Structure formats: structure tokens, C-alpha cells
1. For the residues Val41, Val100, what sequence is obtained by ranking on other C-beta atoms within 10 Å, fewest first?
2. Any chance you could run the full-extension gain for Trp62 through Arg26? It's 0.36 nm times the residue separation minus the Cα-Cα distance, nm to one decimal.
3. Cut-off is 10 Å between beta-carbons; in what order do Lys127, Lys83, Lys193 appear when sorted fewest neighbours first?
4. With θ taken as phi - 60° and the coefficients 6.51, -1.76 and 1.60, list the Karplus ³J(HN,Hα) couplings across segment 156-164 in order, rounded to whole Hz; mark glycine and proline as x.
5. For the chain, compute the orientation-averaged projected area of the C-alpha convex hull (one quarter of its surface), in nm².
6. Hey, if you put +1 on the Cβ of every Lys and Arg and -1 on every Asp and Glu Cβ in the chain, which of Thr13, Ala138, Val219 ends up farthest toward the positive end of that dipole?
7. Nearest 500 deg cm²/dmol is fine: what mean residue ellipticity at 222 nm does the chain get from its DSSP H runs of n ≥ 4 alone, each adding -39,500 (n - 2.57), divided by its residue count?
8. Let's test the formula: R0 of 25 Å, r as the Cβ-Cβ distance of Val162 and Val113. What FRET efficiency results, to the nearest 0.05?
Amino acid sequence: MSNWSGILFILITIVIFVGMRSLYNRVRNPIFNPVATTTLVLIIGLMVSDISYDTYMLGGWWIQELLGPAVVALAYPLYHQRKKIFRYRFPLFAGLLSGVFMGIISGMLYVKVAALSPVYSATFLPKSVTSPIAMDIAAITGGIPSLAAALVILSGIIGAIVGPVLMKHLGISHYLGIGVALGCAAHGIGTAKAMEFGEEEAAFSSIGMTLSALLYALVLPISIQYFL
């Protein structure tokens, strides 16, 4: 029975996402980002039907496992755009370093202002890293891995919704700026958003997400230990 339940939840999730993506393609409003709307519909559906998260994850777990292959698949646009990546290597790494620096500093300022306890501080600070790395950092520094993953998803959704609007108002139109900004700030969800702009934006977003995650993994655990 559990196997059939898992298959049912997979199908429901896919159908909802396809429907929300179709809605987004029609209205083209950042608020209707399909990741955000699909998440909202699923949460409401589980609450109304009184289905537990563990029950849903009988199928959701398989979708979650596809995250790894999806990230690996980003190697294709990286390889295809390798000449432009090498050409813009200096502004690329300058953008990466500034993105990581601002992500850490803004997180620490919020933690101080909100007066969060060490446990929740260690959980909140990895918000700008991809989920697997954020969970590992939270576990190492005494945070709550599952909550850290939820915060990463939330920050990715917000970044994918607000980022393009903010960059439009600031006049940022070059694919390097768009890609690195979305990759650093909104990681996987931001990279999916960057693909809507074009292959060049997607390539720089994927390398921004990957390299910023590496920098976060090296710097953040040490920073948290000294900061908390």
C-alpha cells in the first residue's frame, strides 16, 4: 500500500507543478513562480486532507533524490559556455566573493538583531547554500538540519521572485550579472529561474551556485564557531 501511496504523491506533485508552470507561462508574474505556488498548494493540500509530511514523503523522497542528477546536469551549460566563463573569470570571481561575503554578513546581522539562540542561529546562517551543504553545516555547528533545508528553499523562492524584479529596476541586464546573482543568492531555484533568461545566464548561475556553495562550506562553519 505504501508503494502505491508513494506513486500517487509523485503523480500529484508532478501534475500540480505542470499546472502551476502553465499558469506562470501565461501570466509571467514573478509572484506565480511555479516552485513557490506548487509548494503552497501542496502545503494547503496536506493541511486540508490531514496527511502527514512523513506520509507525503513516501513519494516526495523520490523527487528529492532527483536533485542530485539535476545539479550534475548543469555541467552541460557550464561546458558549452566554458570560453565565456574563462573570458569573464575576474568579474565572475569578484561577483562570487562579494555575493558570499554579503550573504554571510547579512545573515550574521539578522541573527544579532533578532537575538536568536545559538541553535537557531546555526540553522539560519547557511540559508544561502544549497540544501545538502546547508544541512551538513547546520549539523556540524549545532543547528537543525531539516529546518536549515526549509530555510534554504524559502530563501531560494524569495530570491527567484524578487531577484529579477530588483535587477530590472537596477538596470542589470548582462548575463554574467544576472547569472551570478541568481546562483549565489537563490542557488538551485535561482538557477532554474536563470534558465528562463537564456543558456548563458544559466551557465553563470550554475557555476555561481556551485562555487559559492564550496566557499560557504569552507568559510561558514569556522565563522559560525567564532560568531556564536
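1. Details: Val41 16, Val100 23.
Taking fewest neighbouring Cβ atoms as first place, the list is Val41, Val100.
2. Numbers: separation 36, 0.36 × 36 = 12.96 nm, distance 2.91 nm.
Contour length minus the Cα-Cα distance gives 10.1 nm.
3. Details: Lys127 22, Lys83 8, Lys193 26.
So the ranking, lowest neighbour count to highest, is Lys83, Lys127, Lys193.
4. x, 5, 4, x, 5, 7, 7, x, x
5. Working: hull surface 54.2 nm².
Convex hull of Cα atoms, orientation-averaged projection: 13.5 nm².
6. Result: Val219.
7. Numbers: 12 runs with 196 residues, N = 228.
Rounded to the nearest 500, the figure is -28500 deg cm²/dmol.
8. Details: r = 20 Å, r/R0 = 0.80.
For R0 = 25 Å, the calculated efficiency reads 0.80.
Only the coordinates and a few stated rules stand behind these numbers; no lab work does. Here the structure is a predicted model, which means the values were calculated and not measured. Glycine gets a Cβ as well: all are built from the backbone with ideal geometry, and neighbour counts include every protein chain shown.
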